[in-house]
Amino acid sequence: MEVRTLDQNWKMRRAGGEEWQEAVVPGSVYTDLLRNQKMEDPYWKDNEDQICALMNADYEYVCTFEESEIDPYSEVFLCFEGLDTAAEIFLNDTLIGEACNMHRIWEFDVRSLLSADEKNVLRILLRSPLKYIAESYKKYGNIGNEDTYEGFMHLRKAHYMFGWDWGAHLPDAGIFRPVRLCKVNKGRIDSVQISQTHRDGRCILDFDAEYAADAREDCSIRIRVTAPGDEKEDTDFIADDQQFETILSPDGKGSILIENPRLWWVNGLGAQPLYEVEAVLFCGGVQADSWTRRIGLRSMTMQREKDTWGESFAHVINGKPFFAMGADYIPEEHLLGRRSPEKTRRLLEDCKLANFNVIRVWGGGFYPDDWFYDICDELGLAVWQDFMFACSVYELTPEFEENITREFIDNVKRIRHHACLALWCGNNEMEMFVDQRCWVTKPTEVRDYLLMYERIIPGVLKIHDPQTFYWPASPSSGGSFDNPNDPDRGDVHYWEVWHGNKPFSEYRKHYFRYASEFGFQSFPCKKTIETFTDDPRDWNIFSYVMEKHQRNYGANGKIMNYLQQTYRYPTRFQDVLYASQLLQADAIRYGVEHFRRNRGRCMGAIYWQLNDCWPVISWSSIDYCGRWKALHYYAKRFFAPILISCEEQSWLTQEANMNRQHFEFEKSIRLNVANETQEDRRVTVRWNLRNASGESLREEEEEVLVPALSAVWLEKTELPEVDVFSQYVSYEAWIGGKKVSEGTVIFSYPKYFRYEDPQLSLETDGKRITVTAAAYAKSVEIQNEAEDLVLSDNYFDLNGGSRTVEILRGEAKGLRVRSVYDL
Ligand code: BMA
């Protein structure tokens, strides 16, 4: 098949308008308007409102192209890999088709319409998404979350584009993925399904090719699998460029046996070797088409076994259950034309830097681009993939069913071969949602739910991807409204901390099997705020602009409420931002360390949320501009392969009220070392009781054997005499003379602790920065003028003395440093 990408000679305009603008395809209406200066920056102050209104109009795109060679081809079609969303497509003034689902791949036969003599004109009319959902709302009503425009669920367009509790109302539209002109010569490979069987150190690859040919009897498909080149760190490797070949049977089936396969592992458990699979279709001895993908040799599923607590829920790779460490991923942009592989790579590399091994693609966005999965394959990030349904009830009309079934097939076929694909999940929070609505729910709502997520999707997967684990919803306990958010089975979304206003010590009261959502908000840093307002009067968290960029109603006040529980009242805007980030980081650390200490019972900590799609106040650990919040550095530490953590009993954990009779609370520590690697580790655990200057008052040391993939508790130590205002405990884990993990713990609230002035100072040679403290310094932040530094570590505690960190990104210009002492 000959494929030509139509990415030149595009223009666009508001439908029926006079003036044509230059357009970039793939891209989007908003990015074209912005580039042509027909629109203001949608993220600036409250520009969003007027920019949203632009989507009350229809837009048209036109492309002219020449195509002289048509006759020799048996089939010629146009393939749209992503059309957002309601569109009519015309070629040379003839309507060739309509599209109404941004998640689908659309193909239209155009052989008879193409002209070989004259220029061809391709015209795409994009219908207003706002009008579309308003009309559907009139017809079907609305059952869904209130942050999003009415009727959003009736259009197969990423829901967040119509608003979310972290998303603006910016329903961009456009041709957001490539348009291709495809000419078939005798035959075409649609796709190849590859299944793997691992037994006795061998891997059998089974192939099932879907292909079309003018004369099947003259055709054959050759499969060639090429092993990856040698990598220094992998000593098991046998030979360079090993190749395996087979010819498929006429019905497209065949197998290859790979002895000594180099297994693909998630980050932290091993390497990510990727094998190339190439299928070539020969028709009449001539190459007619080819299809190439990269795969990883591995088995990956979920373990669900009855046990003393209920039923386990854990990822298993190559037979090894592992603890899931990561975050929930939302779309990276509101302006779809601004997506790029480079941005995604940087975000995902930052996940790897923070020791992630899993990422959950949340169901209210769109199925990510191919490059997302390619990068996850390379980095060893296992993907929990939701189907795109979230927080609403859908009308399962026959047309809707047909539309979503095509969507499932397109995406399953597009994504299934990826090594990183850990599981498919039916939807986000729908089972819980319908379950909670039981008393108002129409019987059809329950029926449609069951049809969509427990019949239609499993039916598609049975045919197109039977090897990947399917989970009906997130959260779920296995489906059919059987207590979907059960803490003892399946995955849990836990929101009592934050939405329920419970203190973050509350995490320790729960022992979920797999927490797939729990989160805490913070403000982004000042430079990111300056991307949406430069007016100093807005630099107050209760200003109109700051509340416009906060989509969880009233939540800037919620941050303040949590802040008063922990820190002293920060009077400067800059300090509020810093304190809010520490609060968020500590909240999530509290949860994750507790979950990892209880490894075995709990097997996953996926926090809400990784990223942002515009500059906003949210639960993200990396903001829209790519800047790391304190949480991302904390994640790097609390997701470390070897983690030492402390379950302390303190004033904070017991929420003791000092103004009541019998004001007393336990003061103790209980250390734990978690080992999320495949090797047993001999760990030296050291802890010190220290005064506020950082001087040691008591030192204890212990050797502990921490078996691979386990967490080991040390004995509890009571510290009844500790002065909660001026003494603290530091703890460290050492392996072979190297400190691998550490932390500190106090026994009151940070706001009551009498920090001494650590007189922090910095030195740098441009590549590294050394920070020195004269006393105990908590959550030391090093920042540059541009606030875009990425360091090997930041927001860490110092027991006095110095620490040198590496600069991974950004320039050591205008450096400054602060710690909790400064609040
Ligand atoms: C969960 C998610 C999102 C939401 C987040 C924060 O429920 O599934 O829908 O943005 O919480 O409220």
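The values are calculated or read from the model by the stated rules, or taken from the named source; none is laboratory data. None of the values given here were measured: they were computed from a predicted structure. As a convention, Cβ positions derive from the backbone with ideal geometry for all residues, glycine included, and neighbour counts pool all protein chains shown. Keep in mind that these areas ignore ligands, DNA and RNA; they rest on the heavy atoms of the full protein, side chains included. Shrake-Rupley method; radii C 1.70, N 1.55, O 1.52, S 1.80 Å.
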Residue 794 meets each of (1) part of a strand (DSSP E or B); (2) buried (at least 21 other Cβ atoms within 10 Å of the Cβ) with one exception, condition (1)
Selected residue [in a strand (DSSP E or B) and not hydrophobic (A, V, I, L, M, F, W, C)] from 111, 188: 188
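Quick check: is even one residue across the range 48-63 of a type in the set (Ser, Thr, Tyr) and touching a residue at least 40 places away in the same chain (Cβ under 8 Å)?
Filtering the range 48-63 down to residues of a type in the set (Ser, Thr, Tyr) leaves 59, 61.
When the remaining residues are screened for being touching a residue at least 40 places away in the same chain (Cβ under 8 Å), the result is 59, 61.
Yes: one or more hits.
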With the condition kept exactly as written, say whether any residue in the range 496-505 is within 15 Å of residue 428 (Cβ to Cβ), part of a strand (DSSP E or B), within 16 Å of the ligand (Cβ to nearest atom) and in the same structural domain as residue 391 (by TED's automatic domain parsing). no
Go through the range 301-343 and give me each residue that's among the hydrophobic types (A, V, I, L, M, F, W, C) and either under 30 Å from residue 159 (Cα atoms) or free of Cβ contacts under 8 Å to residues at least 12 places away in the same chain (or both). 302, 313, 314, 324, 325, 327, 330, 335, 336
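From 546, 560, which residue is surrounded by fewer than 18 Cβ atoms within 10 Å (Cβ to Cβ), away from the ligand (no atom under 16 Å from the Cβ) and of a type in the set (A, V, I, L, M, F, W, C)? First the steps, then the outcome.
Working: 546 fails: surrounded by fewer than 18 Cβ atoms within 10 Å (Cβ to Cβ).
Answer to the selection: 560.
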Given the criterion touching a residue at least 60 places away in the same chain (Cβ under 8 Å) and farther than 22 Å from residue 496 by Cβ, identify the matching residue among 578, 590, 634. 578
Quick check, is residue 435 open to solvent by less than 30 Å² (accessible area, probe 1.4 Å) and among the charged types (D, E, K, R)? no
Can you pull out the residues in the range 417-447 that are in contact with a strand residue (DSSP E or B) (Cβ under 7 Å, 6 or more places away or on another chain) and closer than 20 Å to residue 377 by Cβ? 417, 419, 420, 421, 422, 423, 424, 425
Select from the range 304-342 the residues that are within 17 Å of residue 470 (Cα to Cα) and among the basic types (Lys, Arg) and list them in ascending order. 304
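Could you please find all residues in the range 133-146 being away from the ligand (no atom under 16 Å from the Cβ) and either surrounded by fewer than 20 Cβ atoms within 10 Å (Cβ to Cβ) or free of Cβ contacts under 8 Å to residues at least 12 places away in the same chain (or both)?
The first filter runs over the range 133-146 and keeps only residues away from the ligand (no atom under 16 Å from the Cβ), leaving 133-142.
Residues satisfying the conditions are 134, 135, 136, 137, 138, 139, 140, 141, 142.
Take residue 34 and decide whether it is at pLDDT 95 or above, of a type in the set (A, V, I, L, M), outside any loop (DSSP other than H, G, I, E, B) and open to solvent by 50 Å² or more (accessible area, probe 1.4 Å). Step through it out loud before you land on a result.
Values: at pLDDT 95 or above: yes; of a type in the set (A, V, I, L, M): yes; outside any loop (DSSP other than H, G, I, E, B): yes; open to solvent by 50 Å² or more (accessible area, probe 1.4 Å): no.
It is false that residue 34 is at pLDDT 95 or above, of a type in the set (A, V, I, L, M), outside any loop (DSSP other than H, G, I, E, B) and open to solvent by 50 Å² or more (accessible area, probe 1.4 Å).
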Please determine whether any residue of the range 340-355 is of a type outside the set (Ser, Thr, Tyr) and over 30 Å from residue 795 (Cβ atoms). no
Would you be able to say whether some residue in the range 55-76 is open to solvent by less than 20 Å² (accessible area, probe 1.4 Å) and of a type in the set (Gly, Ala, Ser)? yes
Out of (1) surrounded by fewer than 24 Cβ atoms within 10 Å (Cβ to Cβ); (2) more than 16 Å from the ligand (Cβ to nearest atom); (3) assigned to a loop (DSSP other than H, G, I, E, B), the one residue 149 does not meet is (2)
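Restricting to the range 571-630, and then to whatever is of a type in the set (D, E, K, R) and under 15 Å from the mean Cα position of the chain (by Cα), can you tell me which residue is nearest to residue 169 (Cα to Cα)? Give the derivation first.
First pass over the range 571-630, keeping only residues of a type in the set (D, E, K, R): 572, 575, 586, 589, 593, 596-597, 599, 601, 612, 623, 627, 629.
Those still in the list that are under 15 Å from the mean Cα position of the chain (by Cα) too: 612, 623.
Working: 612: 14, 623: 18 Å.
This residue is 612.
Hey, any hits in the range 184-199 for a residue that's within 27 Å of residue 24 (Cβ to Cβ) and either open to solvent by 20 Å² or more (accessible area, probe 1.4 Å) or within 16 Å of the ligand (Cβ to nearest atom) (or both)?
No, the range 184-199 contains no residue that is within 27 Å of residue 24 (Cβ to Cβ) and either open to solvent by 20 Å² or more (accessible area, probe 1.4 Å) or within 16 Å of the ligand (Cβ to nearest atom) (or both).
Listed here are the residues, each with its yes/no results for (1) more than 16 Å from the ligand (Cβ to nearest atom); (2) at positive phi; (3) open to solvent by 10 Å² or more (accessible area, probe 1.4 Å).
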position: 583; (1), (2), (3): yes, no, no
position: 587; (1), (2), (3): no, no, no
position: 599; (1), (2), (3): yes, no, yes
position: 610; (1), (2), (3): no, no, no
position: 620; (1), (2), (3): no, no, no
position: 625; (1), (2), (3): yes, no, yes
position: 636; (1), (2), (3): yes, no, yes
position: 641; (1), (2), (3): yes, no, yes
Kindly indicate whether any position in the range 742-763 is closer than 30 Å to residue 315 by Cβ and modelled with pLDDT of 95 or more. yes
Would you be able to say whether some residue in the range 158-173 is more than 23 Å from the chain's Cα centre (by Cα), open to solvent by less than 30 Å² (accessible area, probe 1.4 Å) and more than 16 Å from the ligand (Cβ to nearest atom)? no
For the condition of a type in the set (Asp, Glu), within 20 Å of residue 644 (Cβ to Cβ) and either at pLDDT below 95 or open to solvent by 50 Å² or more (accessible area, probe 1.4 Å) (or both), what is the one hit in 715, 721? 715
Of (1) crowded, with 18+ Cβ neighbours inside 10 Å; (2) of a type in the set (Gly, Ala, Ser); (3) more than 16 Å from the ligand (Cβ to nearest atom), residue 480 fails just (1)
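Confirm whether residue 485 is surrounded by fewer than 18 Cβ atoms within 10 Å (Cβ to Cβ) and either more than 16 Å from the ligand (Cβ to nearest atom) or not acidic (Asp, Glu) (or both).
Values: surrounded by fewer than 18 Cβ atoms within 10 Å (Cβ to Cβ): no; either more than 16 Å from the ligand (Cβ to nearest atom) or not acidic (Asp, Glu) (or both): yes.
The answer is no for residue 485.
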